[in-house]
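Nothing in this text is a laboratory measurement; each read-out follows from the coordinates by a stated rule. Fair warning: this is a prediction, and the values are worked out from it, not measured in the lab. We place every Cβ from the backbone using ideal geometry, glycine too, and count neighbours over all the protein chains shown.
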Amino acid sequence: MPFKIVRNDITKVKADVIVNTANPNPICVSGTDLAIYEAAGKEQLLAERTGIGKIARGDIAVTGAYNLKAKYIIHTVGPVWTDGKHQEFEILESCYRKSLQKALNLQCTSIAFPLISTGVYGFPKDKALQIAITVFSQFLLENEIEIILVVFDKRSFQLSGQIIGDIDSYIDTNYVRESHRKEYLIGNRRSTYIKGLAEEDSNEEMLQREETNNYPIKKVANMKLTELCMPLENISLEDQLTNIGASFHDKLFELIDKAHLDNKDVWKRANLDRKHFSKIQCDHNYHPKKKTVMALCIALQLNLEQSRDLLARADWAFSPSSKVDLIVQKAIIDKQYDIMQLNVTLFRYTNEILGV
């Protein structure tokens, strides 16, 4: 089952398990802990929690969910941030791992997490997010469960400065230029010509920068789309239609075979559920959504040219005016094929993710 990120109040999320970032002692004072108690039914939940007693940091305890849209609440006590040298990382990782394993033992199919310890306990949000994503990725490789990361507001969802800087720079170089071109499309021939030269210089600079970073991109001939789609002069339309290229379905499974991957590896790497992938596999005429194709490009670790080809076979193309498309293209150029990490970045910038 896949991984989701949602912006919501965790008390309103429907899942088999709701994870509570708890106080070590059976009290509820503030933050997510208090919100969960109040939504579940404070008196009943506190009575059961009191019977459990103290919970050690990094450990968990299970109670009923009462009025929540869940079967269980897993209470886990995260670390208080000091300086990162007092086992804060190990304790936080333990909170996530033990919660996931317990949900699996309880035969649950979905679990919703907040970002543990990032409130009053002061764990840096970017570091906490990285730990959560790493644990989720490792767990989903071996197990089937839907993991929902619940983010209450945008301030709670932070990436490292390096990631933000790289993505912002790439979006600025592409998205802003494309938006400017569309806005000032009408003009005299001279201004259009000058603007075209400026864009060529900018594109060449971008190309050289990517080649310097060891991510070469083949230069495409300056040909109009209509010219690319026109039949070749010496080949009849009938012959071309007879020798039509492989469908999306056929090309996808050809690529899977060449990569020597099991189907399970592919749908997990693409953040798809098994039923969805089975539908793709069984229906030779299946027309996927664009984000599904992009997720499969990431799963198969395709380069930019291969990704464009697979998208085209499903009647899609990368758009220079879509932030989602630009971020996915940058991940492919940078050979960053971790779907979980990519989805974190996508959600940060667009509130969208791939796969699900």
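Side notes on the structure shown:
- Flagged links, alpha-carbon separation over 22 Å, of Lys14/Lys330; Lys102/Lys275; Lys102/Lys127; Lys127/Lys323; Lys54/Lys98; Lys264/Lys330: Lys14/Lys330; Lys102/Lys275; Lys102/Lys127; Lys127/Lys323; Lys264/Lys330
- Taking amide hydrogens as placed 1.01 Å from N in the peptide plane, the amide H of Asn20 sits under 5 Å from those of Ile74, His75, Thr76, each at least 5 positions away in sequence or on another chain.
- Per-residue Cβ neighbour rank within 10 angstrom, fewest leading, Asp59, Asp250, Asp16, Asp262: Asp262, Asp250, Asp59, Asp16
- Hz values of 3J(HN,Hα) by residue in segment 117-125 - Karplus curve (6.51, -1.76, 1.60), Gly and Pro given as x: 6, 8, x, 5, 7, x, 5, x, 5
- With R₀ set to 25 Å, the beta-carbon distance separating Asn105 from Asp59 gives a calculated FRET efficiency near 0.95.
- Remark: His75, His260 ranked as His260, His75, counting other beta-carbon atoms within 10 Å and listing the fewest first.
- Convex hull per residue volume in Å³, alpha carbons only, for segment 245-356: 92
- Volume in Å³ per residue [convex hull over Cα atoms, computed for segment 1-77]: 91
- Using every pair of separate Cα atoms, the Kirkwood estimate puts the hydrodynamic radius of segment 3-156 at 15.2 angstrom.
- With the cut-off at under 11 Å, measuring from each backbone N in segment 86-125 to a point 7 Å along the Cα-to-Cβ line of Val80 picks out 121-122.
- Estimated distance in nm for a label pair at Asp334 and Thr134, the labels positioned 7 Å out from Cα along Cα-to-Cβ: 1.7
- Length available on full extension from Asn351 to Lys279: 0.36 nm per residue minus the Cα-Cα distance, which gives 23.3 nm.
- Close amide-amide hydrogen proximity is noted between Glu146 and Ser110, Ile111, each under 5 Å apart and 5 or more residues distant or on a separate chain (H modeled in the peptide plane; Pro and chain starts excluded).
- Pairwise centroid distance, computed over Cα atoms, of segment 1-80 with segment 291-333, Å: 39
- For segment 334-342, backbone phi angles converted through the Karplus equation (6.51, -1.76, 1.60; θ = phi - 60°) give residue-by-residue couplings of 7, 6, 9, 9, 7, 5, 5, 4, 4 Hz, Gly and Pro being listed as x.
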